[in-house]
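Student: Following this message is one structure expressed as structure tokens.
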Amino acid sequence: MTVRAPEATDLIPIAREVRLAAQSLARHVKDHTPSLAPHLFTVLAWLEEGPATAGDLAGRERVSAPSMSKSVSELEERGLVSRAVDPMDARQKIVSLTASGRRALLQGRKDRDRYTAALLVNCTPEELADLLRGAQLIRKVIEP
């Protein structure tokens, strides 16, 4: 008897469950951790990789330039980012993470991790091992 490799259509039910579980967990954690609104948290996370223009950030987040400009302005008002004239193009502003922004990003991650850990306290050791393997597998599938 020959075992055939699964086809993409065979994987749809599994794919749906993985996607829905990941979306549900992400939404749940975002909704229950008050440290920083999700859209602002994500901008800080992008800036951790290095300074960028608001246009670059808008492209990464797939939002409009005016929407990103509003987010950047809010972060700047809070002292979490700074803007400076781009030395290569004076029409552009470069957005950078400030020390306060870095601290807010780290605190946001800690809050999200603590909240997620609290969700796991009633899991058995076997379930925790399964969750860890599943999380590692998801990362393997989506990361290059």
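The values are calculated or read from the model by the stated rules, or taken from the named source; none is laboratory data. Small disclaimer: the values here were computed from a predicted structure and weren't measured. As a convention, Cβ positions derive from the backbone with ideal geometry for all residues, glycine included, and neighbour counts pool all protein chains shown.
Student: Only one of (1) without any contact (Cβ under 8 Å) to a residue 40 or more places away in the chain; (2) surrounded by 15 or more Cβ atoms within 10 Å (Cβ to Cβ); (3) under 28 Å from LEU119 (Cβ atoms) fails for ALA37. Which number is that?
Tutor: Going through the list (1) without any contact (Cβ under 8 Å) to a residue 40 or more places away in the chain; (2) surrounded by 15 or more Cβ atoms within 10 Å (Cβ to Cβ); (3) under 28 Å from LEU119 (Cβ atoms), ALA37 breaks only (2).
Student: I've got another one for you. Can ALA45 be described as of a type outside the set (Lys, Arg), surrounded by 11 or more Cβ atoms within 10 Å (Cβ to Cβ), in contact (Cβ under 8 Å) with a residue 40 or more places away in the chain and within 30 Å of ASP130 (Cβ to Cβ)?
Tutor: yes
Student: Kindly provide the set of residues from segment 30-81 that are part of a helix (DSSP H, G or I) and either touching a Pro at 6+ places or on another chain (Cβ under 8 Å) or of a type in the set (Ser, Thr, Tyr) (or both), ordered by number.
Tutor: LYS30, THR42, SER67, SER69, SER71, SER73
Student: Let me ask another. Of all residues in segment 56-87 being touching a strand residue (DSSP E or B) at 6+ places or on another chain (Cβ under 9 Å) and surrounded by fewer than 13 Cβ atoms within 10 Å (Cβ to Cβ), which is nearest to LEU106 (Cα to Cα)?
Tutor: Among them, the one singled out is ALA84.
Okay, residues lined up against (1) surrounded by 11 or more Cβ atoms within 10 Å (Cβ to Cβ); (2) modelled with pLDDT under 95; (3) touching a Phe, Trp or Tyr at 6+ places or on another chain (Cβ under 6 Å); (4) not in a helix (DSSP H, G or I):
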site: ALA90; (1), (2), (3), (4): no, yes, no, yes
site: ARG103; (1), (2), (3), (4): yes, no, no, no
site: ASN122; (1), (2), (3), (4): no, no, no, yes
site: GLU126; (1), (2), (3), (4): no, no, no, no
site: ASP130; (1), (2), (3), (4): yes, no, no, no
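Student: Here's something else I'd like to know. Any residue at all in segment 79-97 that's closer than 28 Å to ILE142 by Cα, in contact with a Ser or Thr (Cβ under 8 Å, 6 or more places away or on another chain) and touching a residue at least 60 places away in the same chain (Cβ under 8 Å)?
Tutor: Looking for residues that are closer than 28 Å to ILE142 by Cα, in contact with a Ser or Thr (Cβ under 8 Å, 6 or more places away or on another chain) and touching a residue at least 60 places away in the same chain (Cβ under 8 Å), one finds none in segment 79-97, hence no.
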